[in-house]
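All remarks here apply to the structure that follows.
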Amino acid sequence: MNASRPDAYDALLVLSFGGPEGHEEVRPFLENVTRGRGIPPERLDDVAVHYHHFGGVSPINGLNREIIANVERELADRGISIPVYFGNRNWLPYGADAAEQMARDGVRNALVLATSAWGGYSGCRQYQEDIQQLIEHLDAEGLPAITFTKIRQFYDHPLFIDTMVAHVRDSFAELPEDRRGRARLVFTAHSIPLTSVDADGTKIDGSLYSDQVRESSALIAEGLGITDYDVVWQSRSGAPHVPWLEPDIVDHAVDLNERGIDTLVVCPVGFISDHMEVIWDLDSELMDEAARRGMTVVRTATAGPTESFAAMVVDLIEEQGSHRQPERRGCLPLRGTSVNGAPCAEGCCLPMRVHKRANSASV
């Protein structure tokens, strides 16, 4: 990709969720996440404990800065001279501030990397809504317009799959030799409501997202030569009467242990980096339950901080800029590319009232 091309992209915006970086930021951050969605204050108190346990700091901003540094090095190595900006939905640095800086720097045609591999509302459509808000913000501030193109979903990109295969293989190698043969491989991702409702009252299930998670898990297992594994869920929140994807990872570990399985390799396939839901739900709650039961559990690393993940991001930039055929391993319909927040495919990632409200509480 050459910056002199008329249709070249002139910047990359890494768009993410955001997180507090001190005790005093926790409550304002949680109020930002849940504003207008009817989340009771006591639920915020419950979630705040997770952040305060780690000094009030979510690891997500630091991890995203690491991803950005890796991507910048990969861009430089390939001779691609575009700047990388960083913005969040819910906390500093805000996406709106990043967009303002981009406009002032002369950016007019930017790519957007959302820190999610998946379709569905929270993984894709909500980022498209964020992009729409950035466009409206620039207009309200009287700043030049920017065209924002969201990079496609990458749950089946070969580099993502191969990175996770390597991480799972490393985790099996960490186990005592006498336990490797009996270890159970378990993939986990963020749960969502089984049934949600869009703006006109039509029921929509979460099959796009869950199908992609299952596809990615199957591709990783295939790369390991493993045919028997589990896909489970975590981080459920929202009203108790709303059914979510199950089983929960901790409940599943208990069930496996009661059936005589004492060793697990847990792969958080649904998470790009080790943010709060990984270090709390897996490294704290799951590990505490495993210790009580005398189980051995190894949690695999995530893909985000790796050089191969950065290479994938730059591959996606080149793919978008050259309009070449996507590199992928899966067979599900390919979706995800969106310009200025427009829907990325008919019926894909529709706004969902219940989904949006319930999923937001699991911050």
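The values are calculated or read from the model by the stated rules, or taken from the named source; none is laboratory data. These figures come from a predicted structure and were not determined experimentally. Glycine also receives a Cβ, built like all others from the backbone with ideal geometry; neighbour counts cover every protein chain displayed.
Kindly list the number of the only condition in (1) within 30 Å of Leu256 (Cβ to Cβ); (2) at pLDDT 95 or above; (3) part of a strand (DSSP E or B) that fails for Thr163.
Exception for Thr163: condition (3).
Can you find even one residue in region 169-177 that is outside any loop (DSSP other than H, G, I, E, B), modelled with pLDDT of 95 or more and within 20 Å of the chain's Cα centre (by Cα)?
The answer is no, given that none of the residues of region 169-177 is outside any loop (DSSP other than H, G, I, E, B), modelled with pLDDT of 95 or more and within 20 Å of the chain's Cα centre (by Cα).
So which residues in region 253-285 are under 12 Å from Leu185 (Cα atoms), of a type outside the set (Gly, Ala, Ser) and part of a helix (DSSP H, G or I), if there are any at all?
Selection gives Leu256 alone.
Within region 98-128, which residues are crowded, with 22+ Cβ neighbours inside 10 Å and of a type in the set (Val, Ile, Thr)?
Listed by number, the residues that qualify are Val107, Val112.
Can you find a residue in region 18-25 that is assigned by TED's automatic domain parsing to the domain that holds Gln126, surrounded by 13 or more Cβ atoms within 10 Å (Cβ to Cβ) and over 20 Å from Gly304 (Cβ atoms)?
Looking for residues that are assigned by TED's automatic domain parsing to the domain that holds Gln126, surrounded by 13 or more Cβ atoms within 10 Å (Cβ to Cβ) and over 20 Å from Gly304 (Cβ atoms), one finds at least one in region 18-25, hence yes.
Working only within region 26-55, note down all residues that are part of a loop (DSSP other than H, G, I, E, B) and either buried (at least 18 other Cβ atoms within 10 Å of the Cβ) or of a type outside the set (A, V, I, L, M, F, W, C) (or both).
Within region 26-55, Arg35, Gly36, Arg37, Gly38, Ile39, Pro40, Gly55 meet the criteria.
State whether the residues of region 296-310 include one that is over 23 Å from His190 (Cβ atoms) and outside any helix (DSSP H, G or I).
yes
Within region 131-160, track down each residue that is assigned to a helix (DSSP H, G or I) and more than 14 Å from the chain's Cα centre (by Cα).
If the condition is that a residue be assigned to a helix (DSSP H, G or I) and more than 14 Å from the chain's Cα centre (by Cα), then Ile131, Gln132, Gln133, Leu134, Ile135, Glu136, His137, Leu138, Asp139, Ala140, Pro158, Leu159 are the ones that fit.
I'd like to check something: does region 251-262 contain any residue that is crowded, with 17+ Cβ neighbours inside 10 Å, closer than 24 Å to Thr163 by Cβ and in contact with a helix residue (DSSP H, G or I) (Cβ under 9 Å, 6 or more places away or on another chain)?
no
From the list Ala303, Ala358, exactly one residue is surrounded by 17 or more Cβ atoms within 10 Å (Cβ to Cβ), of a type outside the set (Val, Ile, Thr) and at pLDDT below 70. Which is it? Break it down stepwise before answering.
Details: Ala303 fails: at pLDDT below 70.
Answer to the check: Ala358.
For region 220-230, indicate whether the set of residues that are at pLDDT 95 or above, assigned to a strand (DSSP E or B) and surrounded by fewer than 20 Cβ atoms within 10 Å (Cβ to Cβ) is non-empty.
Checked region 220-230: at least one residue is at pLDDT 95 or above, assigned to a strand (DSSP E or B) and surrounded by fewer than 20 Cβ atoms within 10 Å (Cβ to Cβ).
Considering each residue of region 183-203, count those that are part of a loop (DSSP other than H, G, I, E, B), farther than 17 Å from Cys348 by Cβ and modelled with pLDDT of 80 or more, and give that number. Walk me through how you get there before you give the answer.
Step one: of region 183-203, the residues part of a loop (DSSP other than H, G, I, E, B) are 183, 191-192, 194, 198-202.
Right, trim to farther than 17 Å from Cys348 by Cβ and you get 183, 191, 194, 201.
The next check asks that each one be modelled with pLDDT of 80 or more; those that pass are 183, 191.
The qualifying residues number 2.
What residue, of Leu92, Leu111, Leu75, is at negative phi, in a strand (DSSP E or B) and assigned by TED's automatic domain parsing to the domain that holds Leu134?
Leu111
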